[in-house]
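Remarks on the structure that follows.
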Amino acid sequence: MAAQTVASTTDSTVNTTDRTADSPVDLGPAAALSCRECGHRVPLGPVFACEKCFGPLEIAYDFSAYDTEELRKRIEAGPSNIWRYAPLLPVPADVAGKPNINPGWTKLVKADNLARELGVTGGLYVKDDSGNPTHSFKDRVVAQAIEAARAFGFTTLSCSSTGNLAGAVGAAAARAGFRSCVFIPHDLEQGKVVMAAIYGGELVGIEGNYDDVNRFCSELIGDPAGEGWGFVNVNLRPYYAEGSKTLAYEICEQLGWQLPDQLVVPIASGSQLTKIDKGLKELIELGLVEDKPYKIFGAQAEGCSPVSVAYKAGHDVVRPQKPNTIAKSLAIGNPADGPYVLDIARRTGGAVEDVNDEQIVDAIKLLARTEGIFAETAGGVTVGVTRKLIESGVLDPTKTTVVLNTGDGLKTLDAVADTGLTATIRPNLDSFREAGLA
Ligand SMILES: *Cc1c(COP(=O)(O)O)cnc(C)c1O
Ligand SMILES: [Zn+2]
């Protein structure tokens, strides 16, 4: 293991002289990559699959030098973005000074109106990630991948995307001075296409669904044409994935360094859900929160519900589906982290549930009407699933519950195209009265 010291709240320098050949790059407390399946360790690098068993590689940290209270103070004194948690992320200690889009520290909204409507008495919160720079949670993961790309000397950033990731990569690449070339299914919502294109990188539509796009990217990585490219969610995936831990850190810090009892998290590839669990476990191990049980509930759209179907059938493996849903940002038919999501839902006493397109739209409107939050379809999925799980008695309304809204409704306007003007009137009072508005 790479020896490393993180001296105090003020001196955050990593002792690079102690760093062994195990970790030739400086990514802060990240010591190595380790296989989630067999534990095999390799040095930090742009690799994502275990050479022994093909299992996914994850970041292994050395947190041994941290004192709990010093760490807490250092975090609280940090910037109002994800870099307040730099000591727990695979990034250099001076990350906050580098050109990045600095996402995070989004609002945790106490949703009392929604709670009343749903009959939740134990405290209901919406973690609103539409407040990120490109209006989705994806800025968190891209911000990590950018630092890894810098460390490994990549000059082009790429990804396969269901829409939001393309925008996040475009923006981060523009700001950090990388070339970007990203790939999306050709039939995405206009809001996502424009959002991905506006930053000036290359945006390529692929004739196929996300799983086709992903397959294409895997081919490109193995080809000379893709040499020198950092695919944030493929060869940089171990680093990218860690960004989701910041959701767990923020939620707990915003609750006054406490674990919530229940979390409702959307599932696309399942990466976010698994890393939220990892983040919560780290906070417990570091002593930053008191250890108590928490339950993680996964949310999918019925039109792309491979994990939910497997959960309900009691299966450990996830059978791929062909997606057909308005929740396009979650439309991954063959989710890489599906089996791990099943494991976490079962181990924590949570569940995985799905809602149909009509319930998604209803939930978007419910959240907007009660809390003034306009969620994208993925937020409709989590709110809709929360409602469904309360009605079925699976989610306990007397417990503290956090629901994630991971994107902005302005990107998925088509889903709510039936809303609009109450009336059109002539500019006089008679017309106003005639319309029944007085
Ligand atoms: C990508 C995405 C997610 C979750 O993705 P995972 O692949 O499961 O990590 C959730 N919500 C939105 C809006 C997204 O774009
Ligand atoms: Zn392995």
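Once amide H atoms are placed 1.01 Å from N in the peptide plane, what residues at a sequence separation of 5 or more from Tyr61, or on another chain, have their amide H within under 5 Å of its amide H?
Under 5 Å from the amide H of Tyr61 lie the amide H atoms of Ala31, each far enough along the sequence or on another chain.
So, with +1 on the Cβ of K and R and -1 on the Cβ of D and E, and no other charges, what is the size of the charge dipole of the chain about its Cα centre, to the nearest 20 debye? Walk me through the numbers before you get to the answer.
Values: 41 positive and 55 negative charges, 50 e Å.
Approximately 240 debye in magnitude.
P(r) for the range 64-152, please, calculated from all Cα pair distances in 5 Å bins and given in %.
Using 5 Å bins, I get a P(r) of 3, 13, 18, 17, 16, 13, 10, 6, 3, 1, 0 for the range 64-152.
Amide H to amide H under 5 Å from Glu202: which residues, 5+ apart in sequence or cross-chain, H placed 1.01 Å off N in plane?
Those lying under 5 Å, H to H, from Glu202 are Ser180, Cys181, Val182.
Tell me, in nm to one decimal, what length is gained between Asp291 and Glu227 on full extension, where the rule is 0.36 nm per residue of separation less the Cα-Cα distance?
On the way: separation 64, 0.36 × 64 = 23.04 nm, distance 4.50 nm.
Result: 18.5 nm gained on full extension.
Over the chain, consider all pairs of different Cα atoms and compute the Kirkwood hydrodynamic radius from their mean reciprocal separation; express it in Å, one decimal.
On the way: mean 1/r = 0.0451 Å⁻¹.
It is 22.2 Å.
Ranking Lys192, Lys312, Lys107 by Cβ neighbours within 10 Å, fewest first, what do you get?
Lys312, Lys107, Lys192
Taking 0.36 nm per intervening residue step and subtracting the Cα-Cα distance, what contour gain separates Asp187 from Lys107 on full extension?
Details: separation 80, 0.36 × 80 = 28.80 nm, distance 3.13 nm.
Full extension from Asp187 to Lys107 adds 25.7 nm.
From the residues Val341, Ala435, Val385, which one has its Cα farthest along the dipole of the range 294-438 in the positive direction, the dipole being from +1 and -1 charges on Cβ of Lys/Arg and Asp/Glu about the Cα centre?
Projecting each Cα onto the dipole axis, the largest value belongs to Val341.
Please compute the modelled spin-label separation between Ile198 and Arg41, points set 7 Å along Cα→Cβ, answer in nm with one decimal.
Result for the modelled spin labels: 4.5 nm.
Taking 2.2 N^0.38 Å as the expected size of a compact globular protein, what ratio does the Cα radius of gyration of the range 150-240 give against it, to two decimals?
Working: Rg = 12.0 Å, N = 91, 2.2 N^0.38 = 12.2 Å.
Here the answer is 0.98, to two decimals.
Calculate how steeply helix 377-391 sits against the longest principal axis of the alpha-carbon atoms of the chain, using the helix alpha-carbon long axis, and give the answer as 0 to 90 degrees to the nearest 10.
Relative to the chain, helix 377-391 is tipped by roughly 80 degrees.
May I ask you to derive the FRET efficiency for Thr121 and Ala77 from their Cβ-Cβ distance with R0 = 30 Å, giving the value to the nearest 0.05? The partial results should precede the final answer.
Working: r = 35 Å, r/R0 = 1.18.
Rounded to the nearest 0.05, the efficiency is 0.30.
Once the Cα atoms of the range 16-93 are picked out, what are the Rg and Dmax in Å?
Rg and Dmax of the range 16-93, Cα atoms, are 14.1, 42 Å.
Compute the acute angle (0 to 90°) between the alpha-carbon long axis of helix 271-285 and the principal axis of greatest extent of the alpha-carbon atoms of the chain; round to the nearest 10°.
60 degrees
Tally the DSSP beta bridges in the chain and give the antiparallel ones as a percent, rounded to 5. Spell out each step's value before the answer.
On the way: 15 of 45 bridges.
Close to 35 percent.
Taken together, the values in this text are just the output of simple stated rules run on the coordinates, not laboratory data. On a predicted model such as this, the values are computed, not experimentally measured, just so you know. Every residue, glycine as well, gets a Cβ built from its backbone with ideal geometry; the counts of neighbours run over all protein chains shown.
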